[in-house]
Amino acid sequence: MSRKLKILFVSTEVHPFAKTGGLADVSGALPPALKKLGHDIRVIMPKYPCTSKAGADIRPLNVDLDIPGFDQKGTLFQSELADSVPVYLIEHDDYYNREHLYGEPGSDYPDSVERFAYFCQAVLEAAKKLDFKPDIIHCNDWHTGLIPVYLKSDPWFAQTKTFFSIHNLGYQGNFPHSQLEVTGLDESLFREGDIEFYGQISFLKSGLVFADTLTTVSPAYSQEIQTPELGFGMEGILQNRQLHGILNGVDYTVWNPETDPLIPANYGPESLAQKKQCREDLIKMFSLQLNKKTPILCMITRLSEQKGIDLIMEIQNALDEQDIALLILGTGESRYESFFLQWSQDRPDRIATALKFNEPLGHRILAGSDMLLMPSNYEPCGLTQMYALKYGTVPIVRDIGGLKNSVQEFNGKTGTGFKFKVPEAKYFLKSLQKALAYFDQTETWKNLMLNGMAKDNSWDASAKQYSRLYQKSLRS
Ligand code: ADP
């Protein structure tokens, strides 16, 4: 029988309190799944203006977080996630009471070192003040990367093991050496074997070097990041460490077309016909002019280079020649935003662009569309394609990272979607054309949708893998 553990799960975004991408979905769903396995797991994050809009009760704890070197004190608040998982929120108005979580789209706030060096230390201070001595501190992505470093010099955490999960190696938190003082860390740590990365301080590298256990969010990504193509300069470090690839799961209490309150009609494998109402909803909302059998394609995504938007741009003319509609919900780089905006102005009957981050709209688009496009250049896990499967919206994806692990090529009978390996427009287009040809075969397409809807990507299996790894780490 495995032991019940005390786990502190640290993340800078947690659904439903704050979200910019998949990390929030993971942080909102994995802790409740671990709690179901019997662990005493608690989550800790910054308190942003958006956290109070989540509709949850948030209470002050009257605990001050006074970190040497930082003028203003922070304080602690508490709320709950699903399954009564406690969530601690660190309030520090100077740092977190801002419009965005990290900065204007595409950039970090100039005082990011201060904001997250404070956060990392405040997390440890909060654990002490709450007298919650964790067996495991589970850190996520670069903003939490200094925690394993600070922890090593604090005897209170002598028995605590650290986990660092890589959700996206492309975001590293690298800053000039001149800012080392802000972190309060000793100059002796500024060397290649520790926190220095090509002359800069690297939060991500700190996590990769100092954490006891490293995980990534899919098995394929754990291999890919050990190569120069996708290692973002960290491949050497990663080759010297053991990486555990655990595929993210789906929170089916949020993403299930049979119960989703955000879509106009609920449907499931037994009531697929109802999906038509979701399609009608989109046609009306975006004033599309379609034939009865025109497929609706969609993308719900950050508009960044990572997501393979350039490939979409390359096949624009070919798409214009097809009998399709395309809906884009996304925000990000202005060159991509202007491209989609212009395209939808040129073809208002078939192309629609919503340049915003809007969760309810994301659910409606996913439910009413026939296909989801994810031609990513790299994809640590990707959740949207797994949501799409559940909604009977067939994914057409690059065969990489988590997309490789979660979508199986359709062969007319088995399989759940369509994949292309080489990131060139002609292969993407070929894959899309294969999908369109199947779409014309109504019964075959229905079976394809049902294959995807039958997939069980719930968190249970992944949570068990994390639980086993925690136990293993404590034995070593
Ligand atoms: P990433 O974490 O790289 O952004 P994922 O596919 O793992 O990509 O997760 C993205 C999450 O953010 C999904 O829940 C997706 O539905 C959501 N999302 C992305 N862009 C938007 C948007 N503009 N509006 C609403 N939801 C979005």
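Readers should treat all values here as calculations from the given coordinates under stated rules, not as data from a laboratory. On a predicted model such as this, the values are computed, not experimentally measured, just so you know. Neighbour counts are summed over all protein chains in view; Cβ atoms, including those assigned to glycine, are modelled from backbone coordinates with ideal geometry.
Numbers at a glance
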| quantity | calculated |
| --- | --- |
| Residue identified as within 16 Å of the ligand (Cβ to nearest atom) and assigned to a helix (DSSP H, G or I) among 447, 451, 405 | 405 |
| Residues being of a type in the set (A, V, I, L, M, F, W, C), within 14 Å of the ligand (Cβ to nearest atom) and closer than 24 Å to residue 274 by Cβ - total across the range 384-402 | 3 |
| Residue within the range 331-352 that is within 11 Å of the ligand (Cβ to nearest atom) and hydrophobic (A, V, I, L, M, F, W, C) present | no |
| Positions within the range 410-433 being surrounded by 18 or more Cβ atoms within 10 Å (Cβ to Cβ) and within 23 Å of residue 270 (Cβ to Cβ), in sequence order | 410, 416, 417 |
| Criterion (surrounded by fewer than 23 Cβ atoms within 10 Å (Cβ to Cβ) and out of contact with any Lys or Arg (no Cβ under 6 Å at 6 or more places or on another chain)) met by exactly one of 173, 184, 145 | 184 |
| Contacts under 8 angstrom Cβ, first residue in the range 283-311 being at positive phi, partner within 15 Å of the ligand (Cβ to nearest atom) and in a loop (DSSP other than H, G, I, E, B), 6 or more apart | 308/375; 308/376; 308/377 |
| Top-ranked residue in the range 228-267 [being β-branched (Val, Ile, Thr), crowded, with 17+ Cβ neighbours inside 10 Å and part of a loop (DSSP other than H, G, I, E, B); ranked as farthest from the chain's Cα centre (by Cα)] | 263 |
| Count of residues meeting criterion [within 11 Å of the ligand (Cβ to nearest atom), over 16 Å from residue 309 (Cβ atoms) and buried (at least 18 other Cβ atoms within 10 Å of the Cβ)] in the range 353-372 | 5 |
| Residues of the range 434-465 that turn out to be surrounded by fewer than 18 Cβ atoms within 10 Å (Cβ to Cβ), small (Gly, Ala, Ser) and more than 20 Å from the chain's Cα centre (by Cα), as a count | 2 |
| Flag for residue 3 being in a loop (DSSP other than H, G, I, E, B), away from the ligand (no atom under 16 Å from the Cβ) and of a type in the set (Lys, Arg) | yes |
| Among the candidates 138, 92, residue that is of a type outside the set (Ser, Thr, Tyr) and under 21 Å from residue 53 (Cβ atoms) | 92 |
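Here is a yes/no grid of residues against (1) crowded, with 16+ Cβ neighbours inside 10 Å; (2) within 16 Å of the ligand (Cβ to nearest atom); (3) not hydroxyl-bearing (Ser, Thr, Tyr):
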position: 32; (1), (2), (3): yes, no, yes
position: 53; (1), (2), (3): no, yes, yes
position: 64; (1), (2), (3): no, no, yes
position: 67; (1), (2), (3): yes, no, yes
position: 79; (1), (2), (3): yes, no, no
